[in-house]
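The values are calculated or read from the model by the stated rules, or taken from the named source; none is laboratory data. All figures in this text were calculated on a predicted structure; none of them were measured in a lab. So basically every Cβ, Gly included, is an ideal-geometry build from the backbone, and we count neighbours across all protein chains shown. SASA here: full protein model, heavy atoms, side chains in, ligands and nucleic acids out. Shrake-Rupley method; radii C 1.70, N 1.55, O 1.52, S 1.80 Å.
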Amino acid sequence: MGRKAEISIELAAVVVAAAAMWVAVSQGKAQREHNRLSVKPALTFDTDELIDGTLVKIDLRNSGLGPATVKRFTLYIDAKPVPEKDGDIWASAEKVLNLSDPRIKFSNYYYNAGDVIATGERQPIIDIERDVYEKLSDGDKALWNQAMPRLKIEVDYTSFYGDEFNARYP
């Protein structure tokens, strides 16, 4: 075999090795992207309204494929963030919204930084039972209906891999 043939074979071997390396690196990148997507959380807000359009419930739901770790949960009223009072964001919000009257019985929830929201988890953020709302006086119903449009909620969260996301209501 001549020298030219040996060089051609060696060059072909280098080309094949380089192509194999490129395929391996590309496959590794694709696998990492697949892994990221296979545990990507997706936080969304769901609402429940009465026939007349009265908002009675706002839920936060993880409809993604992996857990979400909360970085920041912010409740806004009239576009201003509500400060926590003794570690409870709703204690301040109820006063600003005029919903601290014990006749207006509703449940509320907020997340702290570091809380994990599992795949499929649904948590009511604010919720007044339909029958409770129906029994309110007209004045208390008016307070509720004036308060709900003033609310905005924002959740910054990360995936298992540290990718950052944001969910907002509305």
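General remarks:
- Residues that are in contact (Cβ under 8 Å) with a residue 12 or more places away in the chain, part of a helix (DSSP H, G or I) and among the charged types (D, E, K, R), drawn from segment 107-159: ARG130, ASP140, LYS141, ARG150
- Lone qualifier among ASP88, ASP101, ASP163, ASP131 - being acidic (Asp, Glu) and open to solvent by 60 Å² or more (accessible area, probe 1.4 Å): ASP131
- Selection from segment 1-57 of residues that are among the β-branched types (Val, Ile, Thr) and either open to solvent by 60 Å² or more (accessible area, probe 1.4 Å) or over 30 Å from ARG130 (Cβ atoms) (or both): ILE7, ILE9, VAL14, VAL15, VAL16, VAL23, VAL25, VAL39, THR47, ILE51
- Residue match in segment 37-49 (condition: in a helix (DSSP H, G or I) and either touching a Ser or Thr at 6+ places or on another chain (Cβ under 8 Å) or aliphatic (A, V, I, L, M) (or both)): yes
- Matching entry among VAL155, VAL116 (being surrounded by 12 or more Cβ atoms within 10 Å (Cβ to Cβ), in contact with a Pro (Cβ under 6 Å, 6 or more places away or on another chain), under 28 Å from GLU33 (Cβ atoms) and of a type outside the set (Ser, Thr, Tyr)): VAL116
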